[in-house]
Amino acid sequence: SQQGEEDPQALSIQEGENATMNCSYKTSINNLQWYRQNSGRGLVHLILIRSNEREKHSGRLRVTLDTSKKSSSLLITASRAADTASYFCAANSGYALNFGKGTSLLVTP
Amino acid sequence: KAGVTQTPRYLIKTRGQQVTLSCSPISGHRSVSWYQQTPGQGLQFLFEYFSETQRNKGNFPGRFSGRQFSNSRSEMNVSTLELGDSALYLCASSSTSGEVWETQYFGPGTRLLVL
C-alpha cells in the first residue's frame with residue numbers, strides 16, 4: 001500500500017527556478033528517503049533524512065522533515081533541464097520502503 | 001564498484017506462464033529487495049532478503065516468490081502470469097545489516113509484458 005503521498009503530482013518550471021515537492025506519510029518512520037527516476041528507468045537515491053533530523057542539504061537539494069505532521073519537502077534550487085524526472089519520497093519503517101506516487105517535474109530551458 | 005544489475009531487461013510472456021527475474025547486488029551488499037512499478041499502483045514493495053532469509057514481504061499473492069543465494073544474488077519468480085503482472089520490476093541492494101534501512105541502490109529494472 002502507498003504510504004507516501006507527493007504533492008503536486010506534476011510541476012512545470014523554467015530553468016533557474018526553484019522546485020518544491022511535498023510528501024506526506026501515515027505511520028512512524030525510521031527515515032525518509034527521496035529518489036529520482038528518469039523515464040521509467042531505475043531509481044536514483046537523492047537524499048536520506050533520519051527521523052531525528054529536521055533539515056538536510058546536499059548540493060542543490062534541501063529536505064525538511066516534520067514528524068509531528070508526518071510530512072517532508074524536497075526543494076531543488078536553481079533547476080536545470082537535466083532535473084526533469086519523476087521524484088518519489090519513500091518512508092522507511094522497517095525492511096521496506098513505502099513509496100508515494102511521485103511528482104513529475106518538467107524543467108524547460 | 002559495479003552497480004546493481006538485473007537480467008533480463010525486457011521480457012514478453014503470455015498469460016499462465018511463469019517467469020524468473022534475476023538480480024545481482026552491489027558487491028558486499030547482503031540485503032536485496034524487490035519492487036513492482038505499475039502506472040496504476042505505483043511502486044510497491046514485494047519482499048526483502050538478507051543472508052538468504054526473507055525478512056519482510058509485501059501484500060502480494062503467493063504467485064510471487066523469491067529467494068537469495070549465498071553470494072547475495074537474488075531471483076524472483078512469478079507463476080501463472082496474469083495481464084496485471086505487466087510492470088517494471090526493480091531490485092535494490094543495501095549494505096544495511098541491521099533493522100534500520102539506509103540508502104537503497106536500485107538496478108535498471110526488468111520490464112515484463114504479459115500478453
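The values are calculated or read from the model by the stated rules, or taken from the named source; none is laboratory data. The model shown is predicted, which means the values in this text are computed figures rather than measured ones. Note: ideal-geometry Cβ built from the backbone for every residue, glycine included; neighbour counts use all protein chains shown. To get the accessible areas, we keep the full protein, side chains included, count just its heavy atoms, and leave off ligands, DNA and RNA. Shrake-Rupley method; radii C 1.70, N 1.55, O 1.52, S 1.80 Å.
For the listed residue pairs A:Lys26/B:Lys57; A:Lys56/B:Lys57; A:Lys101/B:Lys1, the alpha carbons are over 26 angstrom apart in A:Lys56/B:Lys57; A:Lys101/B:Lys1. Measuring only protein heavy atoms, the 1.4 Å probe finds A:Glu17 accessible over about 80 Å². Dividing the mean sequence gap of close Cα pairs (under 8 Å, 6+ apart) by how many residues the stretch B:15-78 holds gives a relative contact order of 35 percent.
Largest to smallest in accessible area, the residues A:His57, A:His45 fall in the order A:His57, A:His45 (1.4 Å probe, all protein chains included). Annotation: per residue accessible area for the stretch A:1-99 equals 46 Å², rounded to a whole number [probe 1.4 Å, protein chains only].
Of interest is the spacing of the C-alpha centroids, which for the stretch A:1-44 and the stretch B:3-55 amounts to 22 Å. Along the stretch B:15-22 the Karplus relation, 6.51 cos²θ - 1.76 cosθ + 1.60 evaluated at θ = phi - 60°, assigns HN-Hα couplings of 3, x, 6, 10, 9, 10, 10, 10 Hz to successive residues, with x for each Gly and Pro.
Using C-alpha pairs under 8 Å with a sequence gap of at least 6, the mean separation divided by the residue count of chain B gives a relative contact order of 36 percent.
Interface B-A: total buried accessible area of about 1800 Å², 1.4 Å probe, protein heavy atoms only. A cut-off under 12 angstrom between Cβ atoms defines the neighbours of A:Thr103, and their net charge, with Lys, Arg +1 and Asp, Glu -1, is -2.
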